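So the structure is just underneath, and the comments pick up after that.
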Amino acid sequence: MLKLENRVILVTGAARGIGLAIARRSLLEGARVVMIDLNMDDFESARELLHEHESRMVLKACDVSNEDCVKELFVELKDSIGALDGLVNNAGITRDNLFMRMSMEQWQSVINVNLTGTFLMSRYACNMLRKSSAGRIVNLSSVAANGNPGQANYAASKAGVIGLTKTLALELARYKITANAVAPGFIETDMTRAIPDKAREAWISQIPAGRVGQPEDIADAVVFLLSDAAAYITGTVIGVDGGLGL
Ligand code: NAP
């Protein structure tokens with residue numbers, strides 16, 4: 001049986017990278033998937049890749065860090081789709097710099113998207129998730145939540161996501177909504193392709209599994225948490241990092 005048959009799953013940052021892999025795996029497991037990204041233009045290649053699932057895909061532009069945009073999105077989804085079973089807060093950005101050189105803009109933009117975006121989407125999704133018999137929130141944290149030179153803003157946002165996830169687990173259990181986080185290690189996407197070669201090589205040499213992760217490695221863990229198999233799991237952080245976080 002397909003793991004997500006008849007479920008409606010919303011994935012943010014779904015136009016590429018890990019979000020696209022999560023959307024694709026959810027579609028393959030039978031879900032109807034609402035894919036969110038910053039601009040409709042971003043979806044061009046996703047639309048091509050997933051054309052065979054077109055009837056179960058809804059593509060929407062929304063900035064997850066903008067409350068008006070998030071509010072409007074959920075009003076629209078309530079009218080058009082009417083149900084939501086799973087929310088995957090995947091949209092994330094980096095603006096790296098050494099702490100002593102980090103600007104307020106670099107700090108704030110990363111906190112706004114990674115942490116406030118996760119808060120806003122979860123906050124507005126709650127009313128719809130409460131009506132599901134299997135409500136799920138899955139948040140993307142990172143191995144960098146433990147601290148990482150050059151990423152004070154990103155590490156703080158991803159550590160914040162873990163605290164937020166555990167609190168959601170505690171508060172939402174009574175509504176049969178689970179909340180968990182997945183913490184990827186070094187995954188091959190545009191985000192890590194932007195890292196200079198020397199730093200990339202240093203990272204890769206530290207991975208016990210001896211290879212970089214693929215977006216599909218993360219999608220597998222997320223789909224598991226969205227499925228019935230994870231009904232009794234809440235408030236956890238699953239590291240998907242080939243041992244990098246040990
Ligand atoms: P990515 O390739 O950079 O893709 C991120 C997607 O999110 C992009 O499509 C981006 O749109 C979208 N996005 C950015 N800001 C947004 C906003 N305000 N509202 C809506 N969408 C927005 O990133 P990724 O590597 O797939 O990472 C996905 C998640 O995993 C992130 O939360 C990241 O922090 C986390 N993670 C990644 C790694 C890794 O090694 N790649 C490791 C640990 C954790 P645009 O293209 O328009 O900017």
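The values are calculated or read from the model by the stated rules, or taken from the named source; none is laboratory data. Values in this document were obtained by computation on a predicted structure and should not be read as measured data. Glycine gets a Cβ as well: all are built from the backbone with ideal geometry, and neighbour counts include every protein chain shown.
Here Gly117 meets the list (1) farther than 19 Å from Val223 by Cα; (2) touching a helix residue (DSSP H, G or I) at 6+ places or on another chain (Cβ under 6 Å); (3) buried (at least 22 other Cβ atoms within 10 Å of the Cβ) almost entirely, failing just condition (2).
Looking across Ala134, Ala144, Ala155, one residue alone is under 22 Å from Asp220 (Cα atoms) and within 12 Å of the ligand (Cβ to nearest atom). It is Ala144.
If we scan segment 49-70, do we find a residue that is away from the ligand (no atom under 11 Å from the Cβ) and within 20 Å of Ala179 (Cβ to Cβ)? No; the residues of segment 49-70 include none that is away from the ligand (no atom under 11 Å from the Cβ) and within 20 Å of Ala179 (Cβ to Cβ). Is at least one residue of segment 205-216 surrounded by fewer than 22 Cβ atoms within 10 Å (Cβ to Cβ), charged (D, E, K, R) and within 16 Å of the ligand (Cβ to nearest atom)? Scanning segment 205-216 turns up at least one residue that is surrounded by fewer than 22 Cβ atoms within 10 Å (Cβ to Cβ), charged (D, E, K, R) and within 16 Å of the ligand (Cβ to nearest atom).
Only helices (runs of 4 or more DSSP H) whose full extent lies in segment 132-240 are considered here, and the ones with at least 3 residues that are farther than 28 Å from Leu28 by Cα and at pLDDT 95 or above are 152-172. For segment 26-39, indicate whether the set of residues that are in contact with a Leu (Cβ under 6 Å, 6 or more places away or on another chain) and at positive phi is non-empty. Yes, that holds for at least one residue. All of (1) within 26 Å of Ala209 (Cα to Cα); (2) without any contact (Cβ under 8 Å) to a residue 12 or more places away in the chain hold for Pro149 with one exception: (2).
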